[in-house]
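The values are calculated or read from the model by the stated rules, or taken from the named source; none is laboratory data. A quick note: this is a predicted structure, and the numbers were derived from the prediction, not measured. Positions of Cβ are backbone-derived with ideal geometry, glycine not excepted, and every protein chain shown enters the neighbour counts. We work out accessible area using only protein heavy atoms, side chains counted, and drop any ligands, DNA or RNA first. Shrake-Rupley method; radii C 1.70, N 1.55, O 1.52, S 1.80 Å.
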Amino acid sequence: MTKFYLAPMEGITGYIFRNAYHHNFSPMDKYFTPFISNKGLGKKELNDILPEHNKDMCVVPQILTNSVGHFLRITRELAKYGYDTVNINLGCPSGTVVSKKHGAGFLTVPDELDAFFEEIFEKSSFKISVKTRIGMEDEAEWEKIVEVYKKYPFEELIVHPRLRKDLYKGNVRITAYEYVCQNIDVPLCYNGDIVSKESCESFLRAFPDTKNVMTGRGILKNPALISDIKEENVQKPDKLRDFHEELLDGYRSIMSGDMNTLFKMKELWGYLGENFAGAQKQLKKIKKAQKISEYEEAVRSIFTDCEWKCV
Ligand SMILES: Cc1cc2nc3c(=O)[nH]c(=O)nc-3n(C[C@H](O)[C@H](O)[C@H](O)COP(=O)(O)O)c2cc1C
């Protein structure tokens, strides 16, 4: 049976989102937190990983660093809250991240990456997984990176087969995924552009040995995606309303002022809105809303007057 993971998405898939999703749609087998940077566990990161904020879910914290010291310090903190597994971000394409050789930038120095893994595997008892791109500029980089990954007993390797220069656009580089399947012996998870039952099935037909699939934007566009893939019989429109309500209430309960909550909700509608037919007017109102009441009115109108293409 395929296992499904929710991709980490900074600013979106924090614990409020994870809970609203988990309570209303097909539960994920694993949830990955947005990255914890070198600075470690501040208030936001701590809230995100607290066990009481992640009940009945399998949550894997993600760390973005190239420093053994920071890795060990953050995992020691995480252990206090019961965690024994961590994911390392080797894919973040942001300019400021990459320039510090963090995220996808760390892939440009495979020897340093190798030394980093050697030391953390020696010094840490954590189970370690990696979420990786396939290089920065050129697919030819991938072979050398895979040579490094091959040497270590990762819990799993999550591969988003794009280069840093691709950002999140264009077709995934599926031959690079094929290459890693043929050349490595650790459990693999595929990530990239799984947005429908069809795209999931066609991927699994091509790669029957891949047992784990991670989805990100596909869930934001259609939170019922995994129910669709699994052919579960759920009252999808009701669930979407309940999900939306839980999300809105959740943000309102932790954020100061309407604008911060609205910022979060507007970002989500950038994805969710794609699957509503004839909702241009309402989506514009959502974008312009300055008060929760204006926002709620526009959302009510979408839910009652517009066709949700995912039903
Ligand atoms: C807004 C946004 C934030 C993201 N934040 C993270 C992150 O914190 N850590 C990470 O590993 N990937 C992050 N990603 C990448 C996603 O986890 C995922 O790899 C990417 O969206 C491709 O998968 P998809 O096609 O299923 O969306 C982010 C992507 C987006 C769009």
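A compact table of results
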{"read-out": "Low-density loop positions, GluC sites (Glu not before Pro), the range 202-266 - DSSP coil, at most 12 other Cβ in 10 Å", "value": "Glu231, Glu232"}
{"read-out": "Ordering of 14-21, 123-130 by burial proxy (mean other Cβ atoms within 10 Å per residue, highest first)", "value": "14-21, 123-130"}
{"read-out": "Accessible surface of the range 71-202, 1.4 Å probe, proportion on carbon and sulfur as whole %", "value": "48"}
{"read-out": "Long-range Cα-Cα pairs in the range 100-170 (distance over 22 Å), rounded percent", "value": "18"}
{"read-out": "Pairs beyond 30 Å (Cα-Cα), from Lys100/Lys151; Lys100/Lys288; Lys169/Lys266; Lys44/Lys100; Lys43/Lys266; Lys239/Lys287", "value": "Lys100/Lys288"}
{"read-out": "Antiparallel bridges, percent of DSSP beta bridges restricted to the chain (to nearest 5)", "value": "5"}
{"read-out": "Kyte-Doolittle mean at least -1.0, axial Cα span of 15 Å or more - DSSP H helices of the chain", "value": "68-80, 110-123, 258-272, 292-305"}
{"read-out": "Solvent-free Debye scattering, log10 I(q)/I(0), computed from the Cα coordinates of the chain at q = 0.10, 0.11 Å⁻¹", "value": "-0.58, -0.70"}
{"read-out": "Relative contact order [Cα under 8 Å, 6+ residues apart], the chain, whole percent", "value": "15"}
{"read-out": "Kirkwood estimate for the range 122-249, i.e. one over the average of 1/r between Cα atoms, Å", "value": "16.4"}
{"read-out": "Calculated on alpha-carbon atoms, Rg and Dmax of the range 62-199 in Å", "value": "14.7, 44"}
{"read-out": "For the range 236-306: span of alpha carbons on each principal axis (Å, largest first)", "value": "33, 25, 19"}
